[in-house]
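Contents: one structure, followed by commentary.
The values are calculated or read from the model by the stated rules, or taken from the named source; none is laboratory data. Computed from a predicted model, the values in this text were never measured in an experiment. FYI the Cβ positions are ideal-geometry reconstructions off the backbone, even for glycines, and counts take in every protein chain you see.
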Amino acid sequence: MKHILNRYFTYKNKELFCENVNLKSLAQKYKTPVYVYSKQAITDKINQYKRAFSSYETLICYAVKANPNLSILKIMAENDIGCDIVSGGELYKAKKAGIPSNRIVYAGVGKTDFEIEYAIRENILSFNIESEMELNVIDQIASKLRKKARVSIRVNPDVDPKTHPYISTGMKKSKFGIDIDQAIDVFIKASKLKNIEILGIHCHIGSQIMEIEPYIEAVEKTVKLIDTLKKKGINLTFFDIGGGLGIKYKPEDSPPSPEDFANAILPIVKHTKLKLIVEPGRSMIGEAGVLLTQVIFLKDKKEKHFIIVDTGMNDLVRPAMYNAYHHIVSVEEKDEKIVADIVGPICETGDFLALDREIENVQRGEYLAVMSVGAYGSSMSSNYNVRPRALELLVDNDKVKVIRERETYDYLAMPELIENK
Ligand SMILES: *Cc1c(COP(=O)(O)O)cnc(C)c1O
């Protein structure tokens, strides 16, 4: 048995398995492209997070945007995990999956009036406020509804998380949060608003963070602010430290574990006695998923060898968008290797899964597995080129459940038929 990145995906007799399910037979039965998730990988990660923070009162809020599939949200609900949402649609799905309102926090720089009203009516735990104007609008809408809205103020601690610039969110020039030196002023203003209850403070510095130091720096800066606020008579209940922990994309990657994360920050937070919120997205689900795809054609140009597969940037945009690396292996282990670009069918030069990659010498009709696609894979997929989105499957030991049907051409055309009946 040979592990590929983690113990949920292994070769047994040269065939790739997810837990105890053979991935080639899955691909043949359900057709490709198909996302396959290991339930064990998800529940193990949940328990790892719970254990890491068990010594301190902590609410774990899964960041829904990483993967909003209802069945995955239900796993979170069954395990008493809350949600970090960034839209009304995510709130709807979280509620539908059975996540209680008092475990839902809502971030995002552009909440609309409609979304704010919806979330106030649902009585969520906290709005994580990203600007002073947002604070005032929430106060007004709450007043209209004759309710109080609980808020946390998202501060921007100006730390470099040393990750991709597109997923760095806690630096001065970023659109997220309120600069830490302006935060006291906003807290004081918030404390004077009639329909606002200040619940806590929030920071989230970025994603795919591979070192613990940026967290320490952000938490130290924020704790200083918490202490100052206390002196000014503003007492908080929650400290929401966001998400962002990295995952293994390459075999040699070694991201910090939830334990490393907890052990680094708990000693800094303890004296504040605030309840903690953590918001893991990618690290909760990222390594639990693979994308299976079939080789359609092989093509040789003088300079390059191309493997053309039936999935592309419509199903997995991360390589095109962030130049992200995803490990790719043949579903049937092979000894012979070649170097090739693995590209999709979409009419864009940016539509690749890997460039100049050493890969097994796969043939037309054979299958590849794109690894570590559980987070920001399906959730960022689109119908570009009018391609139905991939089917999604959840594997539990030797059982397989369809958790998202493949979209049909009729489904894709439906919203436009209004003009063409
Ligand atoms: C996206 C996001 C997260 C999750 O980030 P990951 O890197 O996926 O863990 C957490 N909190 C907020 C506010 C976010 O926007």
Set Thr10, Thr58: member being at pLDDT 95 or above, surrounded by fewer than 22 Cβ atoms within 10 Å (Cβ to Cβ) and touching a His at 6+ places or on another chain (Cβ under 9 Å): Thr10
The lone exception for Ser381 - which of (1) among the small types (Gly, Ala, Ser); (2) over 21 Å from the mean Cα position of the chain (by Cα); (3) surrounded by 20 or more Cβ atoms within 10 Å (Cβ to Cβ) it fails: (2)
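Which of the following residues is within 16 Å of the ligand (Cβ to nearest atom), at negative phi, out of contact with any Pro (no Cβ under 8 Å at 6 or more places or on another chain) and not assigned by TED's automatic domain parsing to the domain that holds Asn235: Gly82, Gly88?
Gly88
For segment 44-59, does any single residue satisfy the condition of being part of a strand (DSSP E or B) and within 16 Å of the ligand (Cβ to nearest atom)?
Yes, there is a match, as at least one residue in segment 44-59 is part of a strand (DSSP E or B) and within 16 Å of the ligand (Cβ to nearest atom).
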Failed item in (1) among the aliphatic types (A, V, I, L, M); (2) within 30 Å of Met321 (Cβ to Cβ); (3) in a loop (DSSP other than H, G, I, E, B), with Leu193 passing the rest: (2)
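Residue-wise test of (1) under 23 Å from Leu368 (Cα atoms); (2) among the aromatic types (Phe, Trp, Tyr); (3) touching a helix residue (DSSP H, G or I) at 6+ places or on another chain (Cβ under 6 Å).
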position: Asn20; (1), (2), (3): yes, no, no
position: Val34; (1), (2), (3): yes, no, no
position: Ile60; (1), (2), (3): no, no, yes
position: Ala77; (1), (2), (3): no, no, no
position: Glu90; (1), (2), (3): no, no, yes
position: Pro100; (1), (2), (3): no, no, no
Exclusive hit being in contact with a Leu (Cβ under 8 Å, 6 or more places away or on another chain), among the aliphatic types (A, V, I, L, M) and within 15 Å of the ligand (Cβ to nearest atom), set Leu276, Leu316, Leu291, Leu245: Leu276
Single match in Ser152, Ser101, Ser168 (criterion: within 16 Å of the ligand (Cβ to nearest atom), at pLDDT 95 or above and closer than 19 Å to Pro280 by Cα): Ser152
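Can you name the residue in segment 253-305 that is within 24 Å of Lys224 (Cβ to Cβ) and not in a helix (DSSP H, G or I) and, of all such residues, is farthest from the chain's Cα centre (by Cα)?
Taking segment 253-305 as the starting set, the residues that turn out to be within 24 Å of Lys224 (Cβ to Cβ) are 256, 260-279.
Okay, now just the ones that are also not in a helix (DSSP H, G or I), so 256, 273-279.
Details: Pro256: 17, Lys273: 28, Leu274: 25, Lys275: 23, Leu276: 20, Ile277: 16, Val278: 13, Glu279: 9 Å.
The qualifying residue farthest from the chain's Cα centre (by Cα) is Lys273.
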Within segment 1-43, tally of residues that are more than 21 Å from Lys334 (Cβ to Cβ), without any contact (Cβ under 8 Å) to a residue 24 or more places away in the chain and part of a strand (DSSP E or B): 1
